[in-house]
1. Reachable lysines from Lys226, Cα under 28 Å, same-chain residues fewer than 8 places away excluded?
2. Please report the spacing between the Cα centers of segment 238-269 and segment 105-133 in Å, no decimals.
3. From the phi of every residue in segment 20-29, what ³J(HN,Hα) in whole Hz does the Karplus formula 6.51 cos²θ - 1.76 cosθ + 1.60 yield, where θ is phi - 60° and glycine or proline is x?
4. Find the relative contact order for the chain and round it to a whole percent, using C-alpha pairs within less than 8 Å whose residues are 6+ positions apart.
5. Once both axes come from the Cα atoms, what is the angle between helix 30-40 and the longest principal axis of the chain, in degrees from 0 to 90, rounded to 10?
6. Per DSSP H run of n ≥ 4, the term is -39500 (n - 2.57); total these for the chain, divide by its residue number, and report the mean residue ellipticity at 222 nm rounded to 500 deg cm²/dmol.
7. State to the nearest 20 debye the size of the charge dipole of segment 54-172 about its Cα centre, where the only charges are +1 on K and R beta carbons and -1 on D and E beta carbons.
8. Determine ³J(HN,Hα), in whole Hz, for all residues of segment 202-213 in sequence, where each value follows from phi through the Karplus function 6.51 cos²θ - 1.76 cosθ + 1.60 and θ = phi - 60°; x replaces Gly and Pro.
Amino acid sequence: MDLFEQLPGALLPWYDAGHRDLPWRRDREPYHVWLSEIMLQQTRVEAVRGYYARFLAALPDIPALAAADPDVLHKLWEGLGYYARVRNLQRAAQVILEQHQGQFPADYDAVRALPGIGDYTAGAVCSICFGLPTPAVDGNVLRLAARVADCADPITDPRVKKAVAARLRAVYPAGRCGDFTQSLMELGATLCGPNAAPQCALCPCRGFCLGRARGTAAALPVKAPKRARRDEEMTVFLLWCGERVAVARRPGRGLLAGLWSFPNVPGKLEVQQALDQAAAWGVRPTDVVSIAEKEHIFTHVRWQQRGYTIRCAREGGRFVWADRRQVEEELALPTAFRQFWTG
């Protein structure tokens, strides 16, 4: 018997007996499940709850998402990061309207073909919403699998992920595919979660988990070394003219593409250099109000930022000049720039 064959019998009763009450588990509407899974990528559950509710209140269905103004979309996503996710959400919604008559497709290959949807999200949606035996294998599930099987193969190796998915697919219980997917997610996020010792004494898999039996669970999973982040220096400008501040749209490609930002240039400028740069933009700087040092970490890049708040005598440059209400309520400013905002 494959070790994984024991998982459904152990996990489903445990899941049924009590699991986290998450808003996206209260129905099996594909739009809701899809949205939650995209939001949860690289983001903690508690952080997502509020975003999920606000997003659905503003864009309650796929047609509303497809037709949303990009600035509204980015504002709803502001602070979640990885903004390509929400742009792909909208593109996928448009494809669903154009190619699937507005109905979320119930076929794995069709779901997988939608923009921004990978193996994990397609597996989650198809198993939870349509009862298909399609595993959703992410870091939580890979950690659980590595410990149960006492496997020291790096879970960052795509071949390992593929092998785990194949083993799980073979044991999906007919009629309870969605619950099995969610029980794997639940265990991998709680008792067998990240950044903490596994709670083996409480785990429903304790009777057959090889990692527990051999004392290796706490050392698993194994990951390949991460690629080192590169550091980039930047100077950020909060240019105030009266009650309005300068903002600029970022280029359509690259990091934080298409989002709003405060004017910025590469490198950390000294005070006089910053004043000279502001003057070159034609805003007639009068005095420096404050200087702040910040940093923001992306997956492969760390921005080391110096921010200058400068009063100006005119609204020059190729900037949009926004008041406080617009900055706070309308413009999507990524956290990298929002952290300089004091209003």
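Each reported figure results from applying straightforward, stated rules to the coordinates on display, with no laboratory input. Since this is a predicted model, take the numbers as computed values, not measurements. Glycine gets a Cβ as well: all are built from the backbone with ideal geometry, and neighbour counts include every protein chain shown.
1. The reachable lysines, counting only those whose Cα sits under 28 Å from Lys226, are Lys161, Lys162, Lys268, Lys294.
2. 37
3. Values per residue, Gly and Pro as x: 4, 8, 10, x, 7, 9, 7, 8, 10, 5 Hz.
4. Working: 526 pairs, mean separation 56.5, N = 343.
Normalised by residue count, the contact order of the chain is 16 percent.
5. Tilt relative to the chain: about 70 degrees.
6. On the way: 15 runs with 144 residues, N = 343.
Using -39500 (n - 2.57) per qualifying helix, the result is -12000 deg cm²/dmol.
7. Working: 13 positive and 12 negative charges, 68 e Å.
The calculation lands at about 320 debye.
8. Coupling constants for segment 202-213: 9, 6, x, 9, 4, x, 10, 6, 5, x, 5, 4 Hz.
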